[in-house]
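FYI, it's all coordinate maths here, none of it is from the lab. This is a predicted model, so every value here is computed, not measured. Please note: Cβ atoms are built from the backbone with ideal geometry, for glycine as well, and neighbour counts cover all protein chains shown.
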Amino acid sequence: MAKSVQDIINLIKENDIKMVDFKMVDINGQFRHVTIPADHFSEETVKDGIGFDASNYGYAVVEKSDMVFIPDPDTAVMDPFCEIPTLSMTGNAMIIDSPENRPLAQYPRNIVLAAEQYMKDSGIADTMLILPEFEFHLFDQVGWSVQANNISMNLDVDQSYWNSESEGRGVVVPKQKNYHIAKPFDPTYECRSEMCMLMEQAGIAIKYHHPEVGASGQFEIEPQLGQMSKMADASMMIKYIIRNTALKHGKTATLMPKPVYGEAGNGMHVHMLLLKDGEPVFSDDNGYSHLSETAHYFMGGLLKHIASLCAITNPSTNSFKRLVPGFEAPVTVGYATSNRSAVIRIPAYAKTPHLRRFELRNPDATCNPYFCYAALLMAGLDGVKNKIDPHANGWGPYDVNLYNLPDEEKAKLKGLPTSLDAALDALEADNDYLTAGGVFPKELIANFIKTKREECRQIAAIPHPAEFERYYNL
């Protein structure tokens, strides 16, 4: 049941809440926030909103940058990390117009809602369910320096293999051998269990948590399938809870795609399926891997646009250090059943019609989840509308381990972009599927590309420690 303003006022009184915190989202997918005393929360707060400067959030708006944030009472949850009792809400950004405000089209939450409406208007489906898998690292210590005379990074994890000589109790994990490892080799179990409990309290249903492959503190938390727009909100809260709970336990958390050289990186695989009138759109007992023609066309849209999608689903230079062979990260444009080497994997365990789906394996959590999920939906719908058959286009199914193919066979495969610059080139050339129906404003895409190109330029200009190792004495 949706919460009303009066419900929030009652909640404030019943829980002796002192502050109400409004969490907004910038162009990179990070929380910003503004807080008001709880006694000042009223009908007018939700009607009139909270003013903010959109340009400071990274949005290059054509209109004046003064906007208002309109809180959504249905998103209200207690913030467990505030000593002073605080109620937290997210919501939407509006342009101050007369006589009525209108949605800021570039605001991430408005874009994901627009994508859902575009899907409904298409008649293809009325609901998209997604399940993002959150892989992350928990470190005991981390530090970095980018100075003219000191370019360095260091991190440590007590149970990592590199501490086998100094740890003192023999409780260390061999390189790349952390997957599902049990106590005493899993010292952060309580920390992750608390994360999941807090997520459940925030209304986010959790499937499970477990150690992942990387021996240097890599783990995964997986929620249950949820409606796309609600899961975008949940994704922001999941990352917020992971980071803050880690700090509470004396750890530091990162969802950075490749923080540890030579070990598995952190992905955010996205499972997806469509429903119409409550019935599965992707299920067909007679189709390949029990998926329908519509499901295959949807996969075709994702694969056709995968290079440009990478700019949105993998929007950091570090993202492409993860997308390399040998670490269960996808590098090949294709689809298959139970095959982690292809970009799209169809899980064989999803056997019931309402659970039949596929996962896109290249995204990572440096993405803005609202942009990411909306872009995946728009690419898939483009595939359905234009009947893009992935098999006819030579994208599979690849029911072999693509890493083990002979070199001459590998040469025939199409790969993902190998850098953020290349992905941005693709997005610049291929974005009509995103702007269809006005879902992604052209101004946002242009500004996003400009911002990310500047990131690439700045990082490319910084000498790397490995360059000293290779070139210092040449």
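Just name one of Ile36, Pro397, Ala429: the one whose Cα is farthest towards the positive end of the charge dipole of the chain (beta-carbon charges, Lys/Arg +1, Asp/Glu -1). The residue sitting farthest along the positive end of the dipole is Pro397.
Of the beta bridges in segment 134-266, as assigned by DSSP with both residues counted there, near 95 percent are antiparallel.
Name the trypsin sites (Lys or Arg not before Pro) in segment 15-59 that are in a loop by DSSP and that have at most 16 other C-beta atoms within 10 Å, would you? Here the trypsin sites (Lys or Arg not before Pro) that fit, given the DSSP loop and packing criteria, are Lys18.
Counting other beta carbons within 10 Å of each residue's own, what order do Thr366, Thr86 fall into, fewest first? All intermediate terms of the calculation are to be shown ahead of the outcome.
Working: Thr366 21, Thr86 18.
By the 10 Å Cβ count, ascending, the order reads Thr86, Thr366.
Beta carbons within 10 angstrom, averaged per residue: use that to sort the peptides 245-257, 102-114, highest first.
Details: 245-257: 18.4, 102-114: 22.0.
For the peptides 245-257, 102-114, the packing ranking is 102-114, 245-257.
Go through segment 325-367 and name the chymotrypsin sites (Phe, Trp or Tyr not before Pro) that are in a DSSP coil and have 12 or fewer other Cβ atoms within 10 Å of their Cβ.
Those that pass, being in a loop and sparsely packed, are Tyr349.
Each residue in Met89, Met197 was given a count of other beta-carbon atoms within 10 angstrom of its own, and listing them fewest first yields Met197, Met89. Cross-linked pairs Lys23/Lys230; Lys3/Lys207; Lys175/Lys410; Lys177/Lys239; Lys3/Lys47; Lys120/Lys304: Cα-Cα separations exceed 18 Å for Lys3/Lys207; Lys175/Lys410; Lys177/Lys239; Lys120/Lys304. The chymotrypsin sites (Phe, Trp or Tyr not before Pro) found in segment 177-262 that occupy coil by DSSP, while having at most 11 further C-beta atoms within 10 Å, are Tyr261.
Within the chain, DSSP assigns beta bridges of which about 85% are antiparallel (rounded to the nearest 5). Among Trp162, Trp144, Trp395, a tally of other beta-carbon atoms within 10 Å of each Cβ gives an order, fewest to most, of Trp144, Trp162, Trp395.
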